[in-house]
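Computed from the coordinates by the stated procedures, all read-outs in this text should not be read as laboratory data. Nothing here was measured: the structure is a model prediction, and the numbers come from that model. Backbone-built Cβ (ideal geometry, glycine too); neighbour counts: all protein chains shown.
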Amino acid sequence: MSIQVLFQVLDVRTILECWKALVLDYTLVIVSVSTAVQFHVAEALKQLIFPFQWSNSQIQPCGSTAAEMIFDFPGSFMMGLDAEKFDLDLLKEELKDKAECAILHVDANLLNNEDLKLPKLARESTILTILNQIKNNGCNK
């Protein structure tokens, strides 16, 4: 499976923020109307953290009943949610007490990073520039 899907559906800043969240062991909730997109994005993000491995739980896709129960889970996990069945604002409200939780709305290319306290990387602007060049020159061919 390729990480190319990430560059097709997300901008590089969002990809980098997701990468930081996973490396720092945050919970990542992936929201999209397409369960296939949820799955491919989750798998590509797991590949992106190589040489590390995602050893936490991954729930794809998750129904509304299971989602309500899983939000009380104490550890970190990756979960896919149907954007048509969940209100993003309500979801943010439900998860506001879970400090280390990131919500990625793939269809809107939006990570709730205003609430996250992810650290800046050294030379982050340079990394973003290089990733944008790769995206514009390599992944779309």
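Full extension of the chain between R123 and V23 gives 34.3 nm of extra length, using 0.36 nm per residue less the Cα-Cα distance.
Which order, highest average first, do 73-85, 37-49 follow once you tally other Cβ atoms within 10 Å for each residue and take the mean per peptide?
Output ranking for 73-85, 37-49: 37-49, 73-85.
Extension gain, D89-N132: 0.36 nm per intervening residue step, less the Cα-Cα distance, totals 12.5 nm.
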